[in-house]
Amino acid sequence: MQEDTQKDFLEPAERTTQQTRGIMQAVRHAYQNSPYYRKVFDNAGLKPDQINNFPDFQQVPFTRKDDLRDAYPYGMAAVPMERIVRIHASSGTTGKPIVAGYTKQDLDDWAAAVARICAMAGVKASDIAQISFGYGLFTGGFGLHYGLERLGATVVPFSSGNTERQLALMQDFNTNVLVSTPSFALYMAEIAIELGFKPREFGLTIGLFGGEPCSDAMREDIEKFWGLKATVNYGLTEVVGPGISGECEERTGMHILEDVYFPEIIDPESGEVLPDGVTGELVLTPFHKEGFPVLRYRTGDITRLISEPCPCGRTTRRMDYITGRSDDMIIIKGVNVFPSQIEEVLAGFSEVSPHYILILHKQKGFIKDLEVQIELTPEGFSDSFRQLEALEGRIRQRLRSTLSLAPRLKLMEPRTLERTTGKTKRIIVNEL
Ligand code: DLL
């Protein structure tokens with residue numbers, strides 16, 4: 001573990017050398033062993049020995065989600081299937097799932113990466129961690145499981161669902177680390193309170209949250225309810241699962257394991273590589289992935305790279321919190337907005353809970369109308385129609401002035417929007 005940790009503290013020149021070696025290794029492996037990438041390189045008239053530095057690497061075509069979909073199920077394999085020992089898949093919202101296959105070495109590397117992310121967040125071997133991510137094709141459960149075991153923590157592999165039992169065991173087992181989506185952490189707190197418990201008395205100290213965005217408002221609520229320190233971490237199935245980046249205890253963005261992945265930020269329209277600090281789409285290349293390698297994978301996630309020093313002393317660049325997905329951008333009557341921008345406006349109202357849903361009413365592919373369902377907090381709710389109308393008017397006005405957006409608003413009573421034990425679905429499309 002110690003040797004691993006040193007990798008987060010490399011000097012910039014050492015980092016560049018290591019990453020250059022990493023991309024060359026990834027390119028060679030993909031070219032030599034993946035029929036898919038052999039074709040990509042041949043079509044682009046590229047040979048691996050033409051790629052010797054970061055600018056050269058920009059000639060490698062991007063890999064997109066659709067490329068992986070088209071390769072369903074095993075078209076991305078770069079080793080014989082007898083060497084693949086595990087399959088995960090992400091369902092996404094439409095189309096065929098995306099499949100990832102892991103060799104024994106890949107699983108070992110993955111566990112090591114997740115262990116580092118957990119250690120960065122402050123988890124120790126003496127901790128007891130309840131994993132409330134689903135175990136199955138989703139990478140969250142198994143990913144965190146093996147990473148935490150590698151770290152030496154005690155793992156309680158609960159999986160998702162069955163909230164009341166989760167709460168009971170959490171108390172019985174003296175669990176102090178909760179591993180889940182932020183929305184499930186919030187939901188569990190709501191249920192605990194409903195059952196008459198005081199969540200702060202459970203003794204949770206650290207939250208390892210990921211798999212979906214965690215707004216500041218959500219984080220505040222989770223910390224307030226549970227009395228824990230909430231950290232977030234990021235990953236995606238196509239690249240490995242969790243174990244790509246995560247917060248240190250300073251919580252100034254998510255440190256990327258830069259000895260394992262090469263991050264780039266691009267303009268999602270033009271594909272141009274953008275400098276650190278500028279917001280765009282995250283592109284990732286894992287260096288050592290044997291089974292199903294990917295080169296320059298367009299994650300669709302919108303963020304920026306932060307290279308300013310972190311007080312923790314790690315020299316790895318951080319990713320800022322994801323503000324949206326390039327495919328989630330809503331274009332309505334000429335206005336472009338990300339759901340996170342709407343969320344930010346809503347977070348400015350103490351009467352509003354972190355639960356909201358966007359309903360896109362579409363006609364012939366265009367958004368005709370946007371409806372925002374906003375759940376109120378018990379304190380924010382009122383029996384007085386006039387009060388609710390006034391609140392609605394203030395929210396509408398704020399949305400209009402900050403985002404030039406005039407959606408239809410629907411204020412909902414407390415606890416009426418659906419809760420989930422996994423990732424929250426914020427956008428619903430309604431074809432008119
Ligand atoms: O969600 C892997 C994961 C599991 C990461 C557990 C962290 C913890 P997928 O199901 O393939 O994999 O979904 C990946 O989820 O492209 C992002 O859009 C979103 N996502 C994941 N982590 C975060 C995060 C896992 N911390 C997709 N903040 C990604 C915002 C996140 N979005």
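Here the stretch 408-432 is the region considered, the condition is being assigned to a strand (DSSP E or B) and open to solvent by 50 Å² or more (accessible area, probe 1.4 Å), and the residue that is nearest to Asp383 (Cα to Cα) is Lys410. Checking Gln58, Gln18, Gln25 one by one, the residue that is open to solvent by less than 50 Å² (accessible area, probe 1.4 Å) and not β-branched (Val, Ile, Thr) is Gln18 and no other. Scanning the stretch 38-49 for residues that are in a helix (DSSP H, G or I) and either exposed (fewer than 14 other Cβ atoms within 10 Å of the Cβ) or within 26 Å of the chain's Cα centre (by Cα) (or both) yields a total of 5.
The set of residues in the stretch 194-220 that are open to solvent by 70 Å² or more (accessible area, probe 1.4 Å), of a type in the set (Lys, Arg) and in contact (Cβ under 8 Å) with a residue 24 or more places away in the chain contains only Arg200. Only one of the listed residues (Val156, Val79, Val85, Val114) is out of contact with any Pro (no Cβ under 7 Å at 6 or more places or on another chain) and within 23 Å of Gly22 (Cα to Cα). That residue is Val79. Elements of the type strands (runs of 3 or more DSSP E) sitting completely within the stretch 311-374 and holding at least 1 residues that are at pLDDT 95 or above: these cover 352-363. Apart from one condition, Thr231 fits all of (1) hydroxyl-bearing (Ser, Thr, Tyr); (2) more than 12 Å from the ligand (Cβ to nearest atom); (3) assigned to a strand (DSSP E or B); (4) more than 19 Å from Gln58 (Cα to Cα); the exception is (2). Restricting the first member to the stretch 176-191 and to residues that are under 25 Å from Glu149 (Cβ atoms) and assigned by TED's automatic domain parsing to the domain that holds Asn162, and the second to residues that are within 14 Å of the ligand (Cβ to nearest atom) and acidic (Asp, Glu), the beta-carbon pairs closer than 9 Å and six or more apart or on different chains are Thr181/Glu212; Pro182/Glu212. In the set (1) more than 16 Å from the ligand (Cβ to nearest atom); (2) closer than 22 Å to Phe209 by Cα, Ile306 fails one condition alone, (1).
The values are calculated or read from the model by the stated rules, or taken from the named source; none is laboratory data. If you're wondering where the values come from, they're calculated on a predicted model, not measured in any experiment. Ideal geometry is used to build each Cβ from the backbone, glycine not excepted, and the neighbour counts take in all protein chains shown. Protein only, heavy atoms only, side chains kept; ligands, DNA and RNA dropped before computing areas. Shrake-Rupley method; radii C 1.70, N 1.55, O 1.52, S 1.80 Å.
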